[in-house]
């Protein structure tokens with residue numbers, strides 16, 4: 001048995017950044033849809049003392065907004081109606097705290113026209 005966390009399909013997590021910064025940003029047009037992209041740089045020191053740098057390209061899926069229609073603790077704290085390539089998606093985020101006390105946002109995604117999974121909240125106002 002392992003304690004390693006395994007991310008499930010159509011889910012994500014947002015944590016406070018650790019040594020990351022945006023080093024480039026600009027518009028993009030993908031599949032005839034206009035969006036924005038960001039170049040994110042992460043610098044860290046390896047256990048043997050070597051400095052490492054990695055850059056990642058992030059493409060905006062949609063506008064991340066507060067859920068102003070939240071009625072109870074089961075409703076999402078944030079939502080996105082967006083696109084991944086040419087696929088319309090919905091995303092919702094819930095503020096949580098890990099067992100170790102780290103605050104994070106749990107993300108769930110689904111295709112807009114797909115049926116909800118058994119564990120999806122059907123009453124989330126999007």
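The values are calculated or read from the model by the stated rules, or taken from the named source; none is laboratory data. It should be emphasised that the depicted structure is a prediction, and the values quoted were computed from it without experimental measurement. Please note: Cβ atoms are built from the backbone with ideal geometry, for glycine as well, and neighbour counts cover all protein chains shown.
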Report summary line: If we ask which residues in the stretch 9-21 are surrounded by 11 or more Cβ atoms within 10 Å (Cβ to Cβ) and outside any strand (DSSP E or B), their number turns out to be 1
Query raised in the report: If you go through the stretch 31-70 one residue at a time, how many are within 19 Å of the chain's Cα centre (by Cα) and either in contact (Cβ under 8 Å) with a residue 24 or more places away in the chain or surrounded by 14 or more Cβ atoms within 10 Å (Cβ to Cβ) (or both)?
Result: 15
Report summary line: Exactly one of 35, 53 is part of a strand (DSSP E or B) and over 29 Å from residue 113 (Cβ atoms), and that residue is 53
Query raised in the report: Does residue 24 count as closer than 23 Å to residue 108 by Cβ and either surrounded by 11 or more Cβ atoms within 10 Å (Cβ to Cβ) or at pLDDT 95 or above (or both)?
Result: no
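State which residue is farthest from residue 16 (Cα to Cα) when the search covers only the stretch 71-80 and only residues that are touching a residue at least 12 places away in the same chain (Cβ under 8 Å) and loosely packed, with under 15 Cβ neighbours inside 10 Å.
Only one residue tops the list, namely 71.
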